[in-house]
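This report refers to the structure that appears directly beneath it.
Computed from the coordinates by the stated procedures, all read-outs in this text should not be read as laboratory data. All of these numbers come straight from a predicted model, not from anything done at the bench. For neighbour counting, all protein chains shown are included, and Cβ atoms are generated from backbone atoms with ideal geometry for every residue, glycine included.
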């Protein structure tokens, strides 16, 4: 069924426009779009997208210690460091192999960690001891129990690996570079302060 209020193509072509929007013979209005307003919105959107996280870059460093030193220098110069952000780029995980893992090392490491935990528990139980002998007995008992259970858990964990990881290691996430970013309104001040730091070496 045809909508009686829908304007025909001929009416749309012939209908006059008034004010901010056109009004056809059927009384339906068609708002006009301001091209300048549209361009302004697109510009604001592109600016917000292109603005990097944390502001504009005021310095770039090879390691975190240098970036930390730069921010610490800004803080010493009474700069508002709440406007500063450190961003690490090109993150990668580095695993450093510390040694070979064997049955002896696995059991020994488990026993050592268990002994520390047992010692802690023994000291807690020693608080309720009535005399020195009971206190020493509580500490030794907790130490021995922790040592035995730690060794057992170490052996079970090594057996569960089935020889697929016969080494010990430590891992950390590092970045190839660290950028110091700052809020745009104070970026020039931050660059000036960091320039002083670079001159000091």
Exercise. Figure the gain on full extension for residue 73 and residue 155 (residue separation times 0.36 nm, minus the Cα-Cα span) and round it to one decimal in nm.
Key: 24.5 nm
Quiz item: Rg/Rh for the range 97-166: what does it come to with C-alpha atoms and Rh from Kirkwood?
Solution: 1.18
Self-check item: Computed label-point distance, nm, for sites residue 82 and residue 105 using a 7 Å Cα→Cβ extension
Solution: 4.9 nm
Quiz item: What nm value, rounded to one decimal, do you get for the distance between residue 170 and residue 62 when each label is placed 7 Å out toward the C-beta?
Solution: 2.2 nm
Quiz item: Going 7 Å from the Cα of residue 129 in the Cα-to-Cβ direction, what parts of the range 80-117 have a backbone nitrogen less than 19 Å from that spot?
Solution: 115-117
Exercise. Would you please give the FRET efficiency between residue 93 and residue 189, computed as 1/(1 + (r/R0)^6) with r the Cβ-Cβ distance and R0 = 41 Å, to the nearest 0.05?
Key: 0.70
